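Heads up: the structure comes next, in structure tokens.
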Amino acid sequence: QVQLVESGGGSVQAGGSLRLSCAVSNLAFVNYGMGWFRQAPGKEREFVAAIARYGGNTHYGDSVKDRFTISRDNTKTTVYLQMNDLKPEDTAVYFCAATVLNMSFLKNQYNYWGQGTQVTVSS
């Protein structure tokens with residue numbers, strides 16, 4: 001059974017940093033593009049960042065560009081999201097996901113999802 005398990009969420013003040021991790025198991029990790037999405041209460045799930053299979057290409061949502069960095073370690077089958085200069089509007093549940101495509105920013109192109117980790121940013 002494929003598993004994606006996020007960790008690293010928590011509460012932080014505005015301007016702070018968090019690093020999310022997503023450990024993937026029972027999946028040919030290197031064959032999948034990986035992404036991070038987030039969902040705030042009452043809002044649709046939003047694209048945050050994506051990374052290609054071998055990490056050579058990345059793509060970010062406009063609201064997180066220059067503040068967030070996605071990376072992956074194929075030897076550890078883990079994808080990361082470094083979040084800096086956090087803002088209250090970054091508050092959401094963050095999900096990692098895997099796609100058979102090399103990379104995508106469309107949530108309906110992702111095949112597997114984690115359960116999410118809560119990030120709360122206070123002003």
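The values are calculated or read from the model by the stated rules, or taken from the named source; none is laboratory data. No experiment lies behind these values; they were computed from the predicted model shown. Don't worry about glycine lacking a Cβ; one is built from the backbone with ideal geometry, like all the others, and counts go over all protein chains shown. Accessible surface areas use protein heavy atoms only, side chains included; no ligands, DNA or RNA. Shrake-Rupley method; radii C 1.70, N 1.55, O 1.52, S 1.80 Å.
Please verify whether residue 69 is over 10 Å from the mean Cα position of the chain (by Cα), modelled with pLDDT of 95 or more, β-branched (Val, Ile, Thr) and at negative phi, treating the condition exactly as stated. Please lay out each step first, then the result.
On the way: over 10 Å from the mean Cα position of the chain (by Cα): no; modelled with pLDDT of 95 or more: yes; β-branched (Val, Ile, Thr): yes; at negative phi: yes.
The answer is no for residue 69.
Among 15, 35, which is open to solvent by 30 Å² or more (accessible area, probe 1.4 Å), out of contact with any Lys or Arg (no Cβ under 7 Å at 6 or more places or on another chain) and either more than 21 Å from residue 61 (Cβ to Cβ) or of a type in the set (Gly, Ala, Ser) (or both)?
Exactly one of 15, 35 is open to solvent by 30 Å² or more (accessible area, probe 1.4 Å), out of contact with any Lys or Arg (no Cβ under 7 Å at 6 or more places or on another chain) and either more than 21 Å from residue 61 (Cβ to Cβ) or of a type in the set (Gly, Ala, Ser) (or both), namely 15.
Of the conditions (1) aliphatic (A, V, I, L, M); (2) closer than 20 Å to residue 112 by Cβ; (3) in contact (Cβ under 8 Å) with a residue 40 or more places away in the chain, residue 49 clears all except one; give me its number.
(3)
Of the conditions (1) in a loop (DSSP other than H, G, I, E, B); (2) closer than 16 Å to residue 9 by Cα; (3) open to solvent by 20 Å² or more (accessible area, probe 1.4 Å), residue 23 satisfies every one except a single condition; which number is it?
(1)
Only one of (1) open to solvent by 30 Å² or more (accessible area, probe 1.4 Å); (2) modelled with pLDDT of 95 or more is not met by residue 54, so which one is it?
(2)
Which residues, counting only those in the stretch 26-58, are among the aromatic types (Phe, Trp, Tyr) and either in contact with a Cys (Cβ under 9 Å, 6 or more places away or on another chain) or assigned to a strand (DSSP E or B) (or both)?
Result: 36, 37, 47.
Filtering the stretch 70-103 down to residues that are open to solvent by 70 Å² or more (accessible area, probe 1.4 Å) and free of Cβ contacts under 8 Å to residues at least 60 places away in the same chain, which residue is nearest to residue 20 (Cα to Cα)?
Taking the candidates together, the pick is 76.
May I ask you to list pairs of residues, at least six apart or on different chains, whose Cβ atoms are under 6 Å apart, with the first in the stretch 106-117 being touching a residue at least 24 places away in the same chain (Cβ under 8 Å) and among the hydroxyl-bearing types (Ser, Thr, Tyr) and the second being assigned to a strand (DSSP E or B) and crowded, with 17+ Cβ neighbours inside 10 Å?
Every condition considered, the pairs that remain are 110/97; 110/99; 112/4; 112/98; 117/6; 117/94.
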